[in-house]
Amino acid sequence: MTTVDNQDAATSPGAAAVQERLVAFLGERTGGDWAVDQDLFASGAFSSLFSLELLQYVEQEFQVTVEGDDLTLDNFRTVPAITALVQRLRGEGAAGA
């Protein structure tokens, strides 16, 4: 089951803003530059601990709860995949990823 915390979808950031925040977070935490479509896990830059940190960031920053069937590597493989997950969890439809 997926849930949306108490946030009005009308005031939440759109896909471009979500992607910008994610790329900034990745850069800050890893010290590298990340292309939007780069496979985050194929890069080898992430540990399993960082994966949990990324999950926590997504939930807190975008006010969503990720659980159950949504906890898959494919939902976190690229910035567009994470963006699509965030928008779906907030009931905003596809992110165009």
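Table for the structure above
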| item | result |
| --- | --- |
| Gain on full stretching of the segment that runs from Ala35 to Gln56 - 0.36 nm per residue minus C-alpha separation | 5.4 nm |
| Radius ratio Rg over Rh of the range 46-97, counting only Cα atoms, Kirkwood formula for Rh | 0.94 |
| Debye, to nearest 20: dipole size of the range 12-97, +1 on Lys, Arg Cβ, -1 on Asp, Glu Cβ | 80 debye |
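A short reminder: the numbers here are calculations on the coordinates, not readings from a lab. These numbers come from a predicted model, not from an experiment. Backbone-built Cβ (ideal geometry, glycine too); neighbour counts: all protein chains shown.
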